[in-house]
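Report on the structure given below.
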Amino acid sequence: MKIARVEGTVVSTIQHEFFDRQRLLVCDVIDPGGEPTGEYAIAVDVVGAGVGETVLLLDEGSSARQLFDVDTGPIRAVVVGIVDEVSSEGGELQID
Amino acid sequence: MQLGRVTGTVVATTQVEGLRGVRFLVVQPLDKRLAAVGETLVAADAVYMAGPGELVYFVASREAAEALEPRFVPVDHAIVGIVDEIELRADA
């Protein structure tokens, strides 16, 4: 999983049926110190994360399909947690 | 998933069996501010409604093969949605 910050939301009416009524978030991947790495993902939100929040981003298809309890589906990036605090060698990331 | 802009269409008369009926579109990958990043690619249209000029989001690798019916046709990128609106936070 990756640490990411929610930067925004995507509204989409015409989409693959798998994403029906799922909330889509624009997430910037960040390092443990809170700096953006330059990578981003459009991810499905299953925890009710809001814009500006630091989150755990799952970026692996097989785990994502397990999470949605499906054998098939074009799903990979999922916001699976809201981060309270990160502490690592690179420093501490305090979430307001 | 990544954002992309459809910039064209691809027609291939000779193709492997699994690709029959699949529409192919040229896509320029974008960052979250809709600036072009990286090389253009050819993606299958899994929503069957995307066209040139449209802002879309797409999946890659195995997820792309999962997007089409029947599953596991030989594609490496697939468009799975058309964007109506992106709302970014003010300082994003």
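Pairing residues of the range B:29-50 that are more than 21 Å from A:GLY73 (Cβ to Cβ) with residues that are polar (S, T, N, Q), at Cβ distances under 8 Å and at least 6 apart in sequence or on separate chains, gives B:PRO29/B:GLN2; B:PRO29/B:THR40; B:LEU30/B:GLN2; B:ALA36/B:GLN28; B:THR40/B:THR7; B:THR40/B:GLN28. Within the range B:20-46, the residues that satisfy the criterion of being over 9 Å from the mean Cα position of the chain (by Cα) and of a type in the set (A, V, I, L, M, F, W, C) are B:VAL22, B:LEU30, B:LEU34, B:ALA35, B:ALA36, B:VAL37. The number of residues in the range B:31-83 being at the interface with chain A (Cβ under 10 Å from one of its Cβ atoms) and not in a loop (DSSP other than H, G, I, E, B) comes to 18. Restricting attention to the range A:37-96, the residues that are within 30 Å of B:ALA65 (Cβ to Cβ) and of a type outside the set (Lys, Arg) add up to 37. Criterion first (touching a Gly at 6+ places or on another chain (Cβ under 7 Å) and either without any contact (Cβ under 8 Å) to a residue 60 or more places away in the chain or facing chain B (nearest Cβ under 10 Å) (or both)) does A:VAL55 satisfy it? Judged against the criteria, A:VAL55 is a match.
Residues in the range A:3-27 that are farther than 22 Å from B:ASP45 by Cβ and away from chain B (no Cβ under 11 Å): A:ILE3, A:ALA4, A:ARG23.
Quick test for you: out of B:LEU3, B:LEU88, B:LEU25, pick the one residue that is farther than 21 Å from A:THR72 by Cβ, at the interface with chain A (Cβ under 7 Å from one of its Cβ atoms) and either β-branched (Val, Ile, Thr) or surrounded by 19 or more Cβ atoms within 10 Å (Cβ to Cβ) (or both).
B:LEU3
When the test is whether a residue is within 12 Å of another protein chain (Cβ to nearest Cβ), touching a residue at least 24 places away in the same chain (Cβ under 8 Å), under 16 Å from the mean Cα position of the chain (by Cα) and buried (at least 21 other Cβ atoms within 10 Å of the Cβ), A:ILE30 does not pass it.
Only the coordinates and a few stated rules stand behind these numbers; no lab work does. Just so you know, these numbers come straight off a predicted model, no measurement behind them. As a convention, Cβ positions derive from the backbone with ideal geometry for all residues, glycine included, and neighbour counts pool all protein chains shown.
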